[in-house]
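Taking it in order: structure first as structure tokens, then the write-up.
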Amino acid sequence: MKASDLFVQCLENEGIEYIFGVTGEENADFVQSLQHSERIRFILTRHEQGAAFMAEAYGKLTGNPAVCLGTLGPGATNLITGVADANMDHAPLMVITGQGATTRQHKESHQIMDVVGMYEPVTKWAQSVHHPDSIPEIVRKAVRTARGEKPGAVHIELAENVARMETSVQPMEPRRFRRPGPDDKISDQAYDIIRRARAPIIIAGNGAIRKRASNQLRALAKRTGIPVTTTFMGKGAVDYEAEYALYTIGLGQWDYVADAVRDADVVITVGYDLVEYPPLRWNPDATETIVHIDFDPAEIDFEYHPEIELVGDIAHALWQFERRFARDGVPDYDFSVQRDARARMRADIEEHAGDDTEGVIRPQKAVWDVRRALGPHDILLCGVGAHKMWVGRHYHCREPNTCLIPNGFCSMGMPLPGAIGASLVAGERRILGIAGDGDFLMNVQEMETARRLDADITMLVWEDGGYGLIAWKQDEHFGSHTDLAFSNPDWLHLAAAFGWQGRYVANARDLRGALDDALNHPGPSLVVIPIDYRENLKLSKKLGVFSDQ
């Protein structure tokens, strides 16, 4: 068969369902082969970056990679921001790029550049196909690498002349393996540290929402009462309504939850990635006793030097602890500071629930209404900007993987294409993206993709006419900010031009109803609100200045 036909068969064998992207001359053979697939759906996007964000959302929600596709040169460079975002946020993703023929790669030639070399820093593995017979091994290795802990992005380059070559090899059969858990001796040592603690606390990160980890974490916390706070990307690892839930940690300022961490004499980290929230912020004196539970050994860091590390399957490690506490009983821990932190945080969350402001809406009210409009299993996707700070602090989840926030690479532009990707995975659930006006317009062209697919999504845009998070930080540090203002389109005309339902909501009392209408409307809807970012500096005054670390 032709090499490109074999490539598609290998992807089918791996269970690949979607390929998002933009075609070009150098990947034409691959796309032609893809046309004959009955198991893989190709989604044409309006920009390669949007394709990468769609694939990232799919990977986060399923644990399996989708593919984003681009041609050589500018197609490959357009993909790279979304690919880097997926890789640093540990979402499984495969990127496939075309390339000029191997007969001209050695010299200056039209659109030729070292794409594999460019992708190596932002993927777990990047490889060019030099011979068609190697395709089954490359695809098998790529998928295993993308899915394996910690998940991430992989890249395969297929040159146009290699794609046309003939081959007689067959796809490889995918075979899975189960990651082992830590042995009993290490678990006993860690268990002894936790039992002797006065006030232990758990920080659950991105890894805690994967596989079976969330169920086992909840069982341990319910058994022991040990408080659990999550990072932004760990939201939903525990139900925020549970008494042991301490909401989230991760804001650039010192927050109430940080008081609870500082009071704890043992910090148990579960699937915690340092890229989410630097340990310098919660362990500035490097005095905490840390028990590290993760798929990988701890990253080397002065402020993150664990007393003991349980490396392997997270769920198994948590199960070992829960069984030991069931056998021995639970010590008389002192969680008074943690309970106080929960009460103070809950009061902040509820403070503006009944707002009736006109002409502008407070961020706290907007997040409150979003939480009430979405059910426990519905999905929120949040972008990057000042809105992320408010969603991170005030929006909390009952189930894992119901709030997707880019917090490793922190790229803007994810919510709209991410919501499209999510709608293909979980179309039976309500899907809402929150973006700032700057965030939303970075991939506004995907409004056409959403309409073409009839994606049942809602986008809530917070309008402030500028880059609000940068202004917030500059105001804190310098007392003023540089020119960060821009103008916006007529939102209702924009929505109509793309065939979306659109609504501008200026008054707080009307927001909840507008959200319900949009979420109940079949197809894509846009809701825009004027946001009151005067609340940013009020929060800074309450909590302190953003850290640069």
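The values are calculated or read from the model by the stated rules, or taken from the named source; none is laboratory data. Computed from a prediction, not measured in an experiment: that's the story for all the values here. Backbone-built Cβ (ideal geometry, glycine too); neighbour counts: all protein chains shown.
Each row is one residue, and each column tells you yes or no for (1) without any contact (Cβ under 8 Å) to a residue 12 or more places away in the chain; (2) assigned to a helix (DSSP H, G or I); (3) within 13 Å of the chain's Cα centre (by Cα).
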{"position": "411", "(1), (2), (3)": "no, no, yes"}
{"position": "418", "(1), (2), (3)": "no, yes, yes"}
{"position": "428", "(1), (2), (3)": "yes, no, no"}
{"position": "433", "(1), (2), (3)": "no, no, yes"}
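On the given criteria, is residue 143 in a loop (DSSP other than H, G, I, E, B) and of a type outside the set (Lys, Arg)?
Against the criterion (in a loop (DSSP other than H, G, I, E, B) and of a type outside the set (Lys, Arg)), residue 143 does not qualify.
With 59, 98 as the choices, which residue is over 22 Å from the mean Cα position of the chain (by Cα), assigned by TED's automatic domain parsing to the domain that holds residue 131 and buried (at least 17 other Cβ atoms within 10 Å of the Cβ)?
98
Any idea which of 544, 513 is among the small types (Gly, Ala, Ser), out of contact with any strand residue (DSSP E or B) (no Cβ under 6 Å at 6 or more places or on another chain) and touching a residue at least 24 places away in the same chain (Cβ under 8 Å)?
544
I'm told residue 223 meets every condition in (1) without any contact (Cβ under 8 Å) to a residue 60 or more places away in the chain; (2) outside any loop (DSSP other than H, G, I, E, B); (3) surrounded by fewer than 19 Cβ atoms within 10 Å (Cβ to Cβ); (4) not hydroxyl-bearing (Ser, Thr, Tyr) except one. Can you identify the failing condition by its number?
Going through the list (1) without any contact (Cβ under 8 Å) to a residue 60 or more places away in the chain; (2) outside any loop (DSSP other than H, G, I, E, B); (3) surrounded by fewer than 19 Cβ atoms within 10 Å (Cβ to Cβ); (4) not hydroxyl-bearing (Ser, Thr, Tyr), residue 223 breaks only (1).
Restricting the search to region 65-108, which residues are within 14 Å of residue 20 (Cβ to Cβ), in a strand (DSSP E or B) and either touching a Ser or Thr at 6+ places or on another chain (Cβ under 9 Å) or of a type in the set (S, T, N, Q) (or both)?
If the condition is that a residue be within 14 Å of residue 20 (Cβ to Cβ), in a strand (DSSP E or B) and either touching a Ser or Thr at 6+ places or on another chain (Cβ under 9 Å) or of a type in the set (S, T, N, Q) (or both), then 68, 69, 70, 93, 95, 97 are the ones that fit.
Looking at region 72-91 only, could you name the residues that are farther than 13 Å from residue 25 by Cβ and touching a strand residue (DSSP E or B) at 6+ places or on another chain (Cβ under 8 Å)?
76, 78, 79, 82, 83, 84, 86, 87, 91
Regarding region 319-328, can at least one residue be identified that is over 28 Å from the mean Cα position of the chain (by Cα), at pLDDT 95 or above and on the phi > 0 side of the Ramachandran plot?
Taking every residue of region 319-328 in turn, none turns out to be over 28 Å from the mean Cα position of the chain (by Cα), at pLDDT 95 or above and on the phi > 0 side of the Ramachandran plot.
Go through region 4-63 residue by residue and tally those that are free of Cβ contacts under 8 Å to residues at least 40 places away in the same chain, part of a loop (DSSP other than H, G, I, E, B) and among the polar types (S, T, N, Q).
2
In the list 241, 276, 288, 303, which residue meets the criterion of being under 23 Å from the mean Cα position of the chain (by Cα) and either surrounded by fewer than 21 Cβ atoms within 10 Å (Cβ to Cβ) or over 21 Å from residue 539 (Cβ atoms) (or both)?
Going through 241, 276, 288, 303 in turn, the sole match is 241.
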